[in-house]
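Student: There's a structure below that I have some questions on.
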Amino acid sequence: MSDDPCRIIRMGKHAIAMGPVGRLVATNLVARRGALGMTQTQLSEAVTLEGRRLGRQAITEIETCRRRIDVDDLSALARALQTTVAHLMGEVSDTTEGDR
């Protein structure tokens, strides 16, 4: 078994590998939340204000690659973290407000 918590996740009865972009998003989410000094609970509340419901447990599961993230959640997380989807996905180019 691997030490990487992002290696395998379960989707129903089936175990599937989390892809490299999913792992990168999880890593960048943790880093950005930490840079802002936010707790998982605070992030959960901020995402709710952005129109999506993600509880603290869901944030934990996303950050540890035990839960996949859909595009609507990713967009709300980016807004709540005052960044862009592109940044969370590891793209390090100039971004605009339109990317959020």
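Student: On the given criteria, is Arg79 touching a helix residue (DSSP H, G or I) at 6+ places or on another chain (Cβ under 6 Å) and over 16 Å from Leu24 (Cα atoms)?
Tutor: Working: touching a helix residue (DSSP H, G or I) at 6+ places or on another chain (Cβ under 6 Å): no; over 16 Å from Leu24 (Cα atoms): yes.
Spelling it out, it is not the case that Arg79 is touching a helix residue (DSSP H, G or I) at 6+ places or on another chain (Cβ under 6 Å) and over 16 Å from Leu24 (Cα atoms).
Student: Checking the condition of a type outside the set (A, V, I, L, M) and closer than 16 Å to Arg23 by Cβ, which residue from Thr83, Thr48, Thr60 passes?
Tutor: Exactly one residue qualifies, and that residue is Thr60.
Student: Within segment 66-82, work out how many residues are on the phi > 0 side of the Ramachandran plot and in contact with a strand residue (DSSP E or B) (Cβ under 6 Å, 6 or more places away or on another chain). Steps first, answer last, please.
Tutor: Let us first name the residues in segment 66-82 that are on the phi > 0 side of the Ramachandran plot, namely 82.
Subsequent filtering for residues that are in contact with a strand residue (DSSP E or B) (Cβ under 6 Å, 6 or more places away or on another chain) retains none.
Number satisfying all stated conditions: 0.
Student: Name the pairs whose Cβ atoms lie under 6 Å apart, with the first residue in segment 25-52 and over 13 Å from Leu88 (Cα atoms), the second basic (Lys, Arg) and buried (at least 19 other Cβ atoms within 10 Å of the Cβ), and 6 or more positions between them or separate chains?
Tutor: Listed by first residue and then by second, the contacts come to Leu43/Arg33.
Yes/no per residue for (1) at pLDDT 95 or above; (2) under 25 Å from Val92 (Cα atoms); (3) surrounded by 12 or more Cβ atoms within 10 Å (Cβ to Cβ); (4) among the aromatic types (Phe, Trp, Tyr):
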| residue | (1), (2), (3), (4) |
| --- | --- |
| Asp3 | no, no, no, no |
| Arg10 | no, no, no, no |
| Ile16 | no, no, no, no |
| Leu54 | yes, no, yes, no |
| Arg68 | no, yes, yes, no |
| Leu74 | yes, yes, yes, no |
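Student: Condition check: buried (at least 19 other Cβ atoms within 10 Å of the Cβ) and free of Cβ contacts under 8 Å to residues at least 24 places away in the same chain. Does Ala86 satisfy that?
Tutor: Working: buried (at least 19 other Cβ atoms within 10 Å of the Cβ): no; free of Cβ contacts under 8 Å to residues at least 24 places away in the same chain: yes.
The answer is no for Ala86.
The values are calculated or read from the model by the stated rules, or taken from the named source; none is laboratory data. Remember, it's a predicted structure, so these values are computed and weren't measured experimentally. Cβ: placed from backbone, ideal geometry, glycine included. Neighbour counts: every protein chain shown.
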